[in-house]
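Peer 1: My structure is below; once you've seen it, I'll send some questions.
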Amino acid sequence: MINWLSKNRQTVARGFGSVLALVLLAVLIQEQGDGELFSAFRRVSPGYFGLALVVLLVSRLFAILRWHILLRQRV
């Protein structure tokens, strides 16, 4: 078990981080009330939301490009 854990430490940490994020999100929704949270989402401008998605996509594309260049240089 310890050998498996040492080999998969990064995967376990990612899984734990994801579970922690979901738990914290559930606590936030429970504390704030889902009506207030969804009301805040409804107030967000569709244009700004779309712009945020485009910026996120461009950011991810640059990250992919960076890793592609770094990994290509290694080979």
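The values are calculated or read from the model by the stated rules, or taken from the named source; none is laboratory data. Fair warning: this is a prediction, and the values are worked out from it, not measured in the lab. Please note: Cβ atoms are built from the backbone with ideal geometry, for glycine as well, and neighbour counts cover all protein chains shown. These area figures cover heavy atoms from the full protein model, side chains too; ligands, DNA and RNA do not enter into them. Shrake-Rupley method; radii C 1.70, N 1.55, O 1.52, S 1.80 Å.
Peer 1: Here is a check on your reading of the model: is residue 20 surrounded by 10 or more Cβ atoms within 10 Å (Cβ to Cβ) and either of a type in the set (Asp, Glu) or at pLDDT 95 or above (or both)?
Peer 2: Criteria met by residue 20.
Peer 1: Name the one entry in 10, 32 that is open to solvent by 100 Å² or more (accessible area, probe 1.4 Å) and polar (S, T, N, Q).
Peer 2: Numbers: 32 fails: open to solvent by 100 Å² or more (accessible area, probe 1.4 Å).
Just one listed residue meets the conditions, 10.
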